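To start, the structure itself, in structure tokens.
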Amino acid sequence: MDLARDALAVDGAEVGAHLGVQAEGERIVTHLFESGDPAYAGWRWAVTVTRAPRSKVVTVSETVLLPGPEALLAPDWVPWHDRLRPGDLGVGDLLPAPPDDVRLVPLVVLEGDDAVVDWFDAEADDADEPGELPAPGRSRVLSAIGREGASERWYTGEHGPRSPIAHAAPAHCASCGFFLPLSGELGRFFGACANAYAPDDGRVVSADHGCGAHSEAMADAVAARALAPVIDEFGYDLVDLPGVSVEETVFEPLSRGAD
């Protein structure tokens, strides 16, 4: 024990109380000492000593600082591409897609689920010849996995049909004049909002999304969705509603005290 403690003192380590000793093998033991460094609370020094066969001299094999059962440890290291979350990319940051990104396929892949013909108009004026795709200046496009992932994010997000603003909307985006459908396969379900007064302006929304800035929203339709007049147990309390006159309101008594 003294030899082990002296070995730590030579290295200038802050050593605390002796915590125990454990056998590692024949003529090999490790002494454990508490770390006296406040930055390493719960850690302990491990000093392994040994003796050669038929020798009376004990020597030090190694010294190392190890975490104890109550030591504060750093979290497991996670690669940056696994830590990255949407919105982390800032101004000036670069995030190139890896060569094996499953969300992308080479532009030449034009068969099966990964077909990308619908991304371009094969009969477009800028096509080199009829039936050929125009050169878009990119080598990869979205794969089927990439399109499915984007569709799921868009549909289940705040610009899909399950958001509170969509539930309160008078109609769906599909019937709105400001709805610009996407081209290709995704255009059957998604489009861009072009209403400057809508909260989704410039964003991709689902066809069954909606908001109060619908192009065909009418004030009368909104008023029809309002609550009926409030009635208490002493009689009727008529509440004027926008666009609805008292004479046009139809109601029934809901309490014993009403006439």
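The values are calculated or read from the model by the stated rules, or taken from the named source; none is laboratory data. Keep in mind the model is a prediction, meaning the values are calculated, not measured. Please note: Cβ atoms are built from the backbone with ideal geometry, for glycine as well, and neighbour counts cover all protein chains shown. The protein model used for the area step is the full one, side chains on, heavy atoms only, and it has no ligands, DNA or RNA in it. Shrake-Rupley method; radii C 1.70, N 1.55, O 1.52, S 1.80 Å.
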message: Any residue at all in the stretch 25-45 that's part of a helix (DSSP H, G or I) and among the small types (Gly, Ala, Ser)?
response: yes
- line: Residues of the stretch 209-221 being at pLDDT 50 or above and open to solvent by 40 Å² or more (accessible area, probe 1.4 Å), in sequence order, are 212, 215, 216, 218, 219, 221
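When you check residue 128 against the structure, is it open to solvent by 100 Å² or more (accessible area, probe 1.4 Å), at pLDDT 85 or above and in a loop (DSSP other than H, G, I, E, B), yes or no? Step through it out loud before you land on a result.
Numbers: open to solvent by 100 Å² or more (accessible area, probe 1.4 Å): yes; at pLDDT 85 or above: no; in a loop (DSSP other than H, G, I, E, B): yes.
No; evaluated as a whole, the condition is false for this residue.
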task: Filter the stretch 68-89 down to residues that are of a type outside the set (Gly, Ala, Ser), touching a residue at least 12 places away in the same chain (Cβ under 8 Å) and assigned to a loop (DSSP other than H, G, I, E, B) and give me whichever is surrounded by the most Cβ atoms within 10 Å (Cβ to Cβ).
output: 72
query: Just checking, how many residues over the stretch 164-203 are closer than 28 Å to residue 143 by Cβ and crowded, with 19+ Cβ neighbours inside 10 Å?
result: 6
- request: Determine, yes or no, whether residue 95 is modelled with pLDDT under 85 and not β-branched (Val, Ile, Thr).
  value: yes
Breaking point among (1) touching a helix residue (DSSP H, G or I) at 6+ places or on another chain (Cβ under 7 Å); (2) open to solvent by less than 30 Å² (accessible area, probe 1.4 Å); (3) over 25 Å from residue 104 (Cβ atoms), for residue 206: (3)
- prompt: Which of the following residues is β-branched (Val, Ile, Thr) and open to solvent by less than 40 Å² (accessible area, probe 1.4 Å): 59, 63, 50?
  reply: 50
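Under the condition of being touching a strand residue (DSSP E or B) at 6+ places or on another chain (Cβ under 7 Å) and of a type outside the set (Asp, Glu), which residue from the stretch 10-19 is surrounded by the fewest Cβ atoms within 10 Å (Cβ to Cβ)? It would help to see each step written out before you state the result.
Step one: of the stretch 10-19, the residues touching a strand residue (DSSP E or B) at 6+ places or on another chain (Cβ under 7 Å) are 11, 13-19.
Those still in the list that are of a type outside the set (Asp, Glu) too: 13, 15-19.
Details: 13: 17, 15: 21, 16: 12, 17: 9, 18: 15, 19: 14.
The extreme case among them is 17.
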